[in-house]
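Nothing in this text is a laboratory measurement; each read-out follows from the coordinates by a stated rule. Predicted model only: the values in this text are computed from it and were never measured. A quick note on method: Cβ atoms are made from the backbone with ideal geometry, for glycine too, and the neighbour counts reach across all protein chains shown.
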Amino acid sequence: MNRNDTESVVRQFYADRMTNDVDRTLETWADNVVFKSVGCPDSCKTAGLFKGLDVIRQPAEAILSSLIWKDMTIQSLLVDGNQASVFYRVTVLFKPTGETFETEVANLFTVENGKITSFTEYLDTAKFVRVLEAEAA
């Protein structure tokens, strides 16, 4: 894949994610995608390594139904062949409590044959733990 193809897939992923629709969001992902959310799974239930679209679908449904993206701005997008890195700012509504918050996130992508085959996410896990724990209180 060339740079333009990779960037197109990545931008389409974010456009789909803004719809807060799990089916649209996962359209750009390969069946054998590897998703890694960096953090300690013992303290942040969204952290971990997930392999395969079938495994990812259930957690994605839970996340997209409760963490509603209200606004997202890409701060930086770098592409090298079939790999991309994106740094963005997002405003999120946590639906169970009604809390809205802003955070910054970095994503790393590998794109092959027009689909995302690897996706790594770096985010402020402490902020997400605080927001998610508010639901339990």
In nanometres, the difference between 0.36 nm per residue of separation and the alpha-carbon distance of ASN113 and LYS51 is 20.5 nm
Computed ³J(HN,Hα) along region 92-108: with the Karplus parameters 6.51/-1.76/1.60, θ = phi - 60°, integer Hz and x for glycine or proline, the list is 10, 9, 8, 4, x, 10, x, 6, 10, 9, 10, 8, 10, 9, 10, 10, 10
Provide, in order from the shortest bin, the percent of all Cα-Cα pairs of region 42-101 in each 5 Å bin, continuing until the bin that contains the maximum pair distance.
-> 4, 13, 16, 19, 24, 18, 5, 1, 0
Could you tell me which of the pairs LYS70/LYS115; LYS36/LYS127; LYS70/LYS95; LYS36/LYS70; LYS36/LYS115; LYS51/LYS115 are separated by over 20 angstrom between their Cα atoms in the structure shown?
-> LYS70/LYS115; LYS36/LYS70
Could you calculate the contour length gain from SER8 to ALA126, that is, 0.36 nm times the residue separation minus the distance between their Cα atoms, to one decimal place in nm?
-> 39.3 nm
Once both labels are modelled 7 Å past Cα along the beta-carbon direction, what's the GLU104-TYR88 spacing in nm?
-> 1.6
Do me a favour and compute the ellipsoid semi-axes for the chain from its Cα gyration tensor, root of five times each eigenvalue, largest one first, whole Å.
-> 25, 16, 14
Pull up the DSSP beta bridges for the chain and report the antiparallel fraction as a percent, rounded to 5.
-> 90
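Run the helix sum for the chain: -39,500 (n - 2.57) per DSSP H stretch of 4+ residues, divided by residue count, reported at 222 nm to the nearest 500 deg cm²/dmol. Mind showing how you got there, number by number?
Numbers: 4 runs with 46 residues, N = 137.
Calculated from helices alone, the mean residue ellipticity at 222 nm is -10500 deg cm²/dmol.
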How large is the dipole of the chain about the Cα centre if only Lys and Arg carry +1 and Asp and Glu carry -1, each at its Cβ, rounded to the nearest 20 debye?
-> 80
